[in-house]
Amino acid sequence: MAEVFFNGVSGRLEGRFHRSENPRAPMILVLHPHPSYGGSMNDRVTYALFQAFVNMGFSVLRFNYRGVGHSKGEIDGSGAGELADAIVALDWLQNMDTESNTCWIAGYSFGAYIAAQVLMRRPEIKGFVFVNPPVNSYHFDFLSPCPSSGLVVQANKDEFIPEPLVRALVEQLNGHELIEVEYKTIAGADHTYSRTLKALYDCVMKAVPALQSKRGRKNKRAKKVEIPNDDYWPES
């Protein structure tokens, strides 16, 4: 995993990048929660997503929006600035992996909202993972029709985002032909997956390859890579 910096609209952006050993491996951009509430690329859930995709053989980028960590500029928080940063990050990722022809996007909470907007703007994105999409705070009506199949994961004890609203979103997305959106709930999980982070990790590790297989893609699986991160797995 390499520390990287690239130029954003409001200044240099800080990220962490893992390049797959397979030059034609799929790539994915992972987006973190709202910066005004402490969200960063080192958020535990964001990191768990990052490591899951590393261990599935993807080339993976996570980064800090403007004003977060060592990223320059001021926090926007409206979503417009974060969307602009995500577009720049995706461009950087695609330029780093020019042999790959498969691109995914993932996001947690507010990051899922930004990821959904990027998905609608970039037709080359072939899959997505949304974790705890904030459907009670932001409208997701623009995902109509949904341009790609993907995975939505929701904590069933989320104290901020009601699970039935997320289920309704998935039903809406699945109302279109040729699109399959898997929906998984994590039993007993709160918004931050304080004691169920491993269950979320395992869910993504199982569901994403199944989605890839259904579309006939056979991606080379990389050997497992352990990326150190303090307090990664919670105590049970």
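The values are calculated or read from the model by the stated rules, or taken from the named source; none is laboratory data. Worth saying up front: this structure is predicted, and the values here are computed from it rather than measured. Note that each Cβ is placed from the backbone with ideal geometry, even for glycine, and that neighbours are counted across all protein chains shown. Keep in mind that these areas ignore ligands, DNA and RNA; they rest on the heavy atoms of the full protein, side chains included. Shrake-Rupley method; radii C 1.70, N 1.55, O 1.52, S 1.80 Å.
Quick look at the values:
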| item | result |
| --- | --- |
| Extreme residue, most open to solvent (accessible area, probe 1.4 Å), among residues of region 163-211 that are among the acidic types (Asp, Glu) and outside any loop (DSSP other than H, G, I, E, B) | GLU171 |
| Contacts under 9 angstrom Cβ, first residue in region 97-118 being polar (S, T, N, Q), partner part of a helix (DSSP H, G or I), 6 or more apart | SER100/GLN94; THR102/GLN212; SER109/TYR37; SER109/VAL45; GLN117/LEU83; GLN117/ALA86 |
| ALA25 vs. criteria of a type in the set (A, V, I, L, M, F, W, C), part of a loop (DSSP other than H, G, I, E, B) and buried (at least 22 other Cβ atoms within 10 Å of the Cβ) | yes |
| ARG62 among the basic types (Lys, Arg), surrounded by fewer than 22 Cβ atoms within 10 Å (Cβ to Cβ), in a strand (DSSP E or B) and modelled with pLDDT of 95 or more | no |
| Given (1) without any contact (Cβ under 8 Å) to a residue 60 or more places away in the chain; (2) part of a loop (DSSP other than H, G, I, E, B); (3) open to solvent by less than 60 Å² (accessible area, probe 1.4 Å); (4) more than 25 Å from VAL135 (Cβ to Cβ), index of the condition GLY73 fails | (1) |
| Total residues in region 76-96, condition open to solvent by 10 Å² or more (accessible area, probe 1.4 Å) and over 25 Å from GLN154 (Cβ atoms) | 10 |
| Test set (1) out of contact with any Ser or Thr (no Cβ under 9 Å at 6 or more places or on another chain); (2) over 21 Å from TYR193 (Cβ atoms); (3) open to solvent by less than 10 Å² (accessible area, probe 1.4 Å) - ALA48 fails condition number | (2) |
| Any hit, region 17-38, residues being more than 13 Å from the chain's Cα centre (by Cα), farther than 22 Å from THR192 by Cα, at pLDDT below 95 and among the acidic types (Asp, Glu) | yes |
| Some residue of region 78-89 being outside any helix (DSSP H, G or I) and at pLDDT 95 or above | yes |
| Output for region 119-152, where each listed residue is buried (at least 18 other Cβ atoms within 10 Å of the Cβ), at negative phi, part of a loop (DSSP other than H, G, I, E, B) and in contact (Cβ under 8 Å) with a residue 40 or more places away in the chain | SER149 |
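Conditions tested, residue by residue: (1) touching a residue at least 24 places away in the same chain (Cβ under 8 Å); (2) farther than 18 Å from GLY127 by Cβ; (3) part of a loop (DSSP other than H, G, I, E, B).
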residue: ASN7; (1), (2), (3): yes, yes, no
residue: LEU13; (1), (2), (3): yes, yes, no
residue: ARG16; (1), (2), (3): yes, yes, no
residue: SER40; (1), (2), (3): yes, yes, yes
residue: VAL45; (1), (2), (3): yes, yes, no
residue: ALA52; (1), (2), (3): yes, no, no
